[in-house]
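Peer 1: First the structure, then my questions, so here it is.
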Amino acid sequence: MTKGLFKKSLTGLILVSIISTFVLTGCRTKTPAEKKQSYSGIELTYYKVFDDSDVLDSMIEEYEGSHPGLVINYRQFSDFEEYQKVILNEMAEGEGPDIFSMPNTWFQSNSRKITPMPEVKGRPEDFNSTFVDVAYKDLVNVDQNGKERIFALPLTVDTLALYYNKAHFEDRIPERGRPSETWEGIKEDVAQLIKEDSSLGRFEVAGIALGRADNIDRAVDILYLLFLQYGVNFYNDDMSKAIFAGQQGNVTAYPGLESMEFFTSFADESQKHYTWNEFMANEVGKETESFAKGQVSMIVGYSYTYADIVNQMNLWDQKGIDVIDESDIGIAAIPQIYDPDISKDKRVTYASYFAETVSRNTKNPEIAWDFLIELSKKENLEDYFEKTNKPTSRRDMIEDQKKDPIYGVFASQVGYAESFPILDYYYYRELFADAIAKLNNSEDGENSLLDVQNKITELLPAEGLLVEEKVQDESEADVEE
């Protein structure tokens, strides 16, 4: 939509309609009055984790340039635990940033910390046509009035994929040269890929890094993935109880336990596909170090795992330790329970990403949301991808990103990515890691998972999380009045 179109004889009604159209599509034109507006004295503070300032500097400067007098102060955090504490502590005191990033799994339980996007700036249905489905499910929620609202905008959506050593597959499974598309097939691949020796760890080369939580960086995320693929309902409908350990579907189905038993089977010496133990990786470099050294053929990771592997390769190469060639790093779509080529079941991978939102403490919500809308436009996210290699969240960028020789897999998976709410990331991770360790030690898996379920249920309000959020919002509104 060009400025020339607005110079033609449009009626006032049409002009208003166009200006109020959802701006995430990029069809936004500023009026002359808006261009002349002064923003002198307005400052926005933006907190974000991991992204260096040079990633966003040019976008911030451009936005400040088109809004005379506006200042956006960007603060980058490198430690997520510190970031989390700072955000929560400052917001509890009625302060904190105007704009901040939050994990996609937190929005369901933290919506009262947010000022949702003004309805005049965007509608949920327009969000859904702009961003991928998992973002819509994660970030468009019901407000205290029972109305669907946009609570955040995603700059990226990352997913779990399968990294593999091309040379290992060419050597051991040359007829295919890449991993199987199913988990049953992966078990068969592992049996062919492993190279045993007389070391304490038993394997010179392990087939895949699965089965334990102490030396696998994203073990619990992989378990979440399996929960989704096995069709586990994590909570009941109103989120008053965790139900992943119980019977689901028919009276004999315990998909939560089945998921965890499948995961730990790769560390079970009695299994044909046994391939991973405490000696295969240390608790520092974990599975990425083992992969970089050629000691394991497959690992599960996110898009940023590629850079982690390369960093490990450079580190050990400088120390004179043999590492794999970068050209041997392959990335495949995450395996499925059923063959995706013949199954009627939808493919599933696990999504983990940060989304940008506006604090309920901000004094300038309109301009804060306007900035985020500008930030999430296609041309800005194309620049963002070039600088960060983080996969897109926008539907209209998927086709181009799928062509990327390294990161294309992540773009191709984003349409079937899923997630579920997590109230406390570190607490959940600790609980599930402990349950995995108990199963590794041949303790009762059913009781271990049930114990995790009970502890998570204790975090949930008896009347349900969504009801609790509404009650708290209304209570705080009464106090403010």
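Peer 1: Cβ under 15 Å from Lys455's Cβ, Lys455 left aside: what net charge do those residues give with Lys, Arg +1 and Asp, Glu -1?
Peer 2: That sum, taken over residues with Cβ under 15 Å, equals -2.
Peer 1: Given 0.36 nm per residue, what is the gain on full extension from Glu443 to Ser327 after removing their alpha carbon distance, in nm?
Peer 2: Length difference between fully extended and current span is 37.6 nm.
Peer 1: Glu64 to Glu93: extension gain in nm, 0.36 nm per residue of separation minus the Cα-Cα distance?
Peer 2: Between Glu64 and Glu93, full extension yields an extra 7.6 nm.
Peer 1: Taking 7 Å along the Cα-to-C-beta vector as the label spot, tell me the Phe50-Lys387 distance in nanometres, rounded to one decimal.
Peer 2: Simple spin-label model gives 1.6 nm for this pair.
Peer 1: Give the long-range amide H neighbours of Ile331: residues separated by 5 or more places, or on another chain, with amide H under 5 Å away, using H modelled in the peptide plane at 1.01 Å from N.
Peer 2: Tyr164
Peer 1: Also: Which of the peptides 146-158, 348-360, 319-331 is most tightly packed, and how do the rest follow, going by the mean number of other Cβ atoms within 10 Å of each residue?
Peer 2: Those peptides, ordered most packed to least, come out 348-360, 146-158, 319-331.
Peer 1: Another question about this same structure. Farthest toward the dipole's positive end in the chain, which of Phe77, Gly256, Met397, given Cβ charges of +1 (Lys, Arg) and -1 (Asp, Glu) about the Cα centre?
Peer 2: Among Phe77, Gly256, Met397, the one farthest towards the positive end of the dipole of the chain is Met397.
Peer 1: Something else: What are the aspartates and glutamates whose alpha-carbon lies under 15 Å from the alpha-carbon of Lys387, with same-chain residues fewer than 8 places away excluded?
Peer 2: Cα-Cα hits under 15 Å: Asp51, Asp52, Asp54, Asp57, Glu379, Asp404.
Peer 1: For the residue pair Glu196 and Asp424, what label-to-label distance in nm results when each label sits 7 Å from Cα along the Cα-to-beta-carbon direction?
Peer 2: About 4.4 nm, to one decimal.
Peer 1: So, one more: Mind giving me the nanometre distance, one decimal, between the label points for Ser78 and Lys378, set 7 Å out from Cα along Cα→Cβ?
Peer 2: Taking the two extended label points, one gets 3.6 nm.
Peer 1: Assigning unit charges at the beta carbon (Lys, Arg +1; Asp, Glu -1) and nothing else, what dipole magnitude in debye, to the nearest 20, does the chain show about its Cα centre?
Peer 2: Dipole about the Cα centre, nearest 20: 1700 debye.
Peer 1: Mark the label point 7 Å from the Cα of Glu170 along Cα→Cβ and return the residues of the stretch 182-200 whose backbone N is within less than 12 Å of it.
Peer 2: none
Peer 1: Can you list residues from other chains, or at least 5 along the same chain, whose modelled amide H is less than 5 Å from the amide H of Thr159?
Peer 2: Ser303, Ser352
Peer 1: State, as an integer percentage, the relative contact order of the chain based on alpha-carbon contacts under 8 Å between residues 6 or more apart.
Peer 2: Reported relative contact order: 23 percent.
Peer 1: Calculate the FRET efficiency for Asp237 and Lys344 from the Cβ-Cβ distance with a Förster distance of 41 Å, rounded to the nearest 0.05.
Peer 2: 0.95
Peer 1: Mind checking the full-extension length gain between Tyr39 and Glu125? Use 0.36 nm per residue of separation minus the Cα-Cα distance, one decimal, nm.
Peer 2: The span from Tyr39 to Glu125 would gain 27.9 nm if fully extended.
Peer 1: I need the phi-derived Karplus couplings for the stretch 42-48: 6.51 cos²θ - 1.76 cosθ + 1.60, θ = phi - 60°, integer Hz, Gly and Pro marked x.
Peer 2: Working through the residues one at a time gives 8, 10, 10, 9, 10, 9, 8 Hz.
Peer 1: Give me a comma-separated list of calculated 3J(HN,Hα) values for the stretch 433-439, in order, Karplus coefficients 6.51, -1.76, 1.60 applied at θ = phi - 60°, integers in Hz, x for any Gly or Pro.
Peer 2: Coupling constants for the stretch 433-439: 4, 5, 5, 4, 4, 5, 5 Hz.
Peer 1: Also, I was wondering about something else. Report in % the part of the accessible area of the chain that belongs to carbon and sulfur, leaving out ligands and nucleic acids; probe 1.4 Å.
Peer 2: With neighbouring chains kept in place, the figure for the chain is 46 percent.
Peer 1: Among bridges DSSP assigns within the chain, what percent are antiparallel (round to 5)?
Peer 2: 65
Peer 1: Compute the distribution of all C-alpha to C-alpha distances in the stretch 275-335, in bins of 10 Å from 0, and list the percent of pairs in each, rounded to whole numbers.
Peer 2: 22, 57, 20, 1
Peer 1: Under a 1.4 Å probe, what is the accessible area of the chain per residue, stated in Å²?
Peer 2: Here the residues of the chain average 46 Å² of exposed surface.
Peer 1: Something else: Pick out, from Gly330, Ala411, Gly445, the residue whose Cα sits farthest towards the positive end of the charge dipole of the chain, with +1 on the Cβ of Lys and Arg and -1 on the Cβ of Asp and Glu.
Peer 2: Value: Ala411.
Peer 1: Would you pull out the residues with amide H under 5 Å of Ile208's amide H, same chain only if 5 or more places away, H placed 1.01 Å from N?
Peer 2: Answer set, sorted by chain and number: Ser297, Met298.
Peer 1: In deg cm²/dmol, rounded to 500, what helix-only [θ] at 222 nm does the chain give when every DSSP H run of at least 4 residues adds -39500 (n - 2.57) and the total is split over its residues?
Peer 2: Helix-only estimate at 222 nm: -12000 deg cm²/dmol.
Peer 1: If r is the Cβ-Cβ distance from Asp133 to Asp317 and R0 is 45 Å, what FRET efficiency results, to the nearest 0.05?
Peer 2: Step by step, r from the Cβ atoms, then E = 0.65.
Peer 1: Now for a separate question. Residue by residue, what Karplus-based ³J(HN,Hα) values in Hz, rounded to whole numbers, does the stretch 139-153 have, using 6.51, -1.76 and 1.60 with θ = phi - 60° and x for Gly and Pro?
Peer 2: Couplings: 10, 9, 10, 8, 7, 5, 9, x, 10, 5, 9, 8, 9, 6, 10 Hz.
The values are calculated or read from the model by the stated rules, or taken from the named source; none is laboratory data. Small disclaimer: the values here were computed from a predicted structure and weren't measured. Backbone-built Cβ (ideal geometry, glycine too); neighbour counts: all protein chains shown. In case anyone asks, the SASA skips ligands and DNA or RNA and just uses the protein heavy atoms, side chains included. Shrake-Rupley method; radii C 1.70, N 1.55, O 1.52, S 1.80 Å.
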